[in-house]
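J.: So that we are looking at the same thing, I have put the structure below in structure tokens.
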RNA sequence: GGUGGGUUGGCCGAGAGGCGAGGCAACGGACUGCAAAUCCGUGUACACGGGUUCAAAUCCCGUACCCACCUCCA
């Protein structure tokens, strides 16, 4: 079975053929740590986490590098506004990001390099580009170094654009650029910027341009040629176009496949740091469990635009609880065989919607078997369901959820409530045995008034917080 | 101006020439003291106008509307 992936560069779904058999080098652009993570950021992380899990499931040894950008214009501006050091802001937001990842069961990558930790690698790369005639220090003495787009004939190949068709950079400030489309590899330090935000370089003190970090880090950890490069669609241009141009101009083959996840928007507008209509992860997690949010994200195809709404999230959560309830009833969380149809869906460019459909089909079949009294077959179905949930990273029994749900205190509270409710339920069971329906319903209503839902099952009554 | 993506039933959301993905909601039925849960059943969905074809949501041409990227963005 071959995994097929949509490659942005060729605009088609292609068979995935790794550079080295059985191994995958995967690089994903992580975040610029400048504010709290929102649903959109997490979508990217979840999508690529699913990719990673699937590749591993298919037997590949995956080296997964996801960087974080901890120095850039925005961080400098925001930290100045907030009156704190830029590195403190970046560090604090990095901690928030880690929490969000953990809450959504996003597995850590092989390594998470930070831009500031790779300045020497970037300098080496910039020097090589200058030697090869693809970059030049600004003529205006600013200390900037630019990539020379005109010197690289295939510039624009990733996004299929010709240089002359591109709008010249809106930020204008041509400074020492030969062409307005040339982009900064290195930014000379400005008087207004903190000294801590600059590093020594052959061109004077300064800091890296945005794109060069990914080229340097991907090269360092994955080599000059690697398999898959991912990120959000907005990154295609300029970020990924520039990365590819730099890396190839420096002599590397760079990524074989480019994967881009689509947006999550609210009210039709993309969530963006600058629009301020962010839906932060901590805010959502106050109302939904991490697994529910993750299930919502995973149920949509990664290349489809998702219009975020709490109604849709509710729906996903309801569906997820139905799956959990089945697992509970079938009495196993053990991981079994993955249905063939599920694997086929996943192989086809991570077709999670079709995969989720198989998941639901299996749950329905399992419930049917349970009703028919075939517990053994139902357990078998449950093991399949668990296997599918595990691949998607939403298995309820995954220890990853342990920290996010009930704490020790909560567990003790649950035990206390259970003892109290049990007494009332005993009374009700007696009333029902006496066919005193009025009294039985009165007790149920009283419990319900306290916010607890009673459900009768063949094995006796159970309760849940409604 | 350039480059892409989209418009699917009450709603969410797949699919990419023939067979109604799946979910949520709704309605009917089974089960239940009643509920809940679960199962079974119920839908003439593909923006619009042409065309190709035995057959089009799917391909082609045109139109409308929406969205993204074009140097801050997941």
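Bear in mind that the values in this text are calculations on the coordinates, not laboratory data. These numbers come from a predicted model, not from an experiment. Note that each Cβ is placed from the backbone with ideal geometry, even for glycine, and that neighbours are counted across all protein chains shown.
J.: If you count, for each residue, the other Cβ atoms within 10 Å and average over each peptide, how do A:123-132, A:238-247 line up from highest to lowest? Please list the in-between numbers first.
T.: Working: A:123-132: 18.7, A:238-247: 23.8.
Answer by packing, highest mean first, reads A:238-247, A:123-132.
J.: Could you tell me which of rounded, prolate or oblate describes chain A, using a ≥ b ≥ c as the square roots of the eigenvalues of the alpha-carbon gyration tensor, with rounded for a/c under 1.5 and, failing that, prolate when a/b is larger than b/c and oblate otherwise? Don't skip to the answer; put the middle values down first.
T.: On the way: a/c = 3.02, a/b = 2.00, b/c = 1.51.
It is prolate, given that a/c is not under 1.5 and a/b is the larger ratio.
J.: Here is a follow-up. Under the rule of -39500 (n - 2.57) per DSSP H run of 4 or more residues, summed and divided by the residues of chain A, what mean residue ellipticity at 222 nm is obtained, to the nearest 500 deg cm²/dmol?
T.: Working: 14 runs with 200 residues, N = 466.
The per-residue figure over chain A is -14000 deg cm²/dmol.
J.: With angles folded into 0 to 90 degrees, how steeply does helix A:73-82 sit against the dominant principal axis of chain A? Use alpha carbons for both and round to 10.
T.: Taking Cα atoms only, the helix is inclined about 70 degrees.
J.: Related question: Assuming a ≥ b ≥ c are the square roots of the Cα gyration tensor eigenvalues, decide whether the range A:1-132 counts as rounded (a/c under 1.5), prolate (otherwise, with a/b larger than b/c) or oblate. Spell out each step's value before the answer.
T.: Details: a/c = 2.34, a/b = 1.43, b/c = 1.63.
Note, shape of the range A:1-132 comes out oblate.
J.: If you take every DSSP beta bridge whose two residues both sit in the range A:12-266, what share of them, in percent to the nearest 5, is antiparallel?
T.: Looking only at bridges with both residues in the range A:12-266, the antiparallel portion is about 35 percent.
J.: Rank-order A:135-146, A:9-20, A:287-298, A:82-93 by packing density, defined as the average count of other C-beta atoms within 10 Å over each peptide's residues, highest first.
T.: A:287-298, A:135-146, A:82-93, A:9-20
J.: While we're here: Under 8 Å for C-alpha pairs, at least 6 residues apart: give me the relative contact order for the range A:408-465, rounded to a whole percent. Could you put the intermediate results ahead of the total?
T.: Details: 33 pairs, mean separation 11.4, N = 58.
Relative contact order, the range A:408-465: 20 percent.
J.: Give the percent of DSSP beta bridges with both residues in chain A that are antiparallel, rounded to the nearest 5. Please report the intermediate quantities before stating the final value.
T.: On the way: 23 of 45 bridges.
Beta bridges within chain A, antiparallel portion: roughly 50 percent.
J.: Taking Cα centroids, how far is the range A:45-122 from the range A:143-168 in Å?
T.: One Cα centre to the other: 28 Å.
J.: Let me ask something else about it. With the Cα gyration tensor of the range A:222-380 giving a ≥ b ≥ c as the square roots of its eigenvalues, does the rule (a/c under 1.5 for rounded; else a/b larger than b/c for prolate; else oblate) give rounded, prolate or oblate?
T.: Working: a/c = 3.22, a/b = 1.63, b/c = 1.98.
Verdict is oblate for the range A:222-380.
J.: By per-residue mean of other Cβ atoms within 10 Å, what is the highest-first order of A:250-258, A:215-223? Mind dumping the intermediate values first?
T.: Numbers: A:250-258: 19.3, A:215-223: 22.1.
The packing order, highest mean first, is A:215-223, A:250-258.
J.: Let me ask something else about it. Taking Cα pairs under 8 Å and at least six residues apart, what relative contact order does chain A come out at, in percent?
T.: On the way: 698 pairs, mean separation 72.5, N = 466.
Relative CO of chain A lands at 16 percent.
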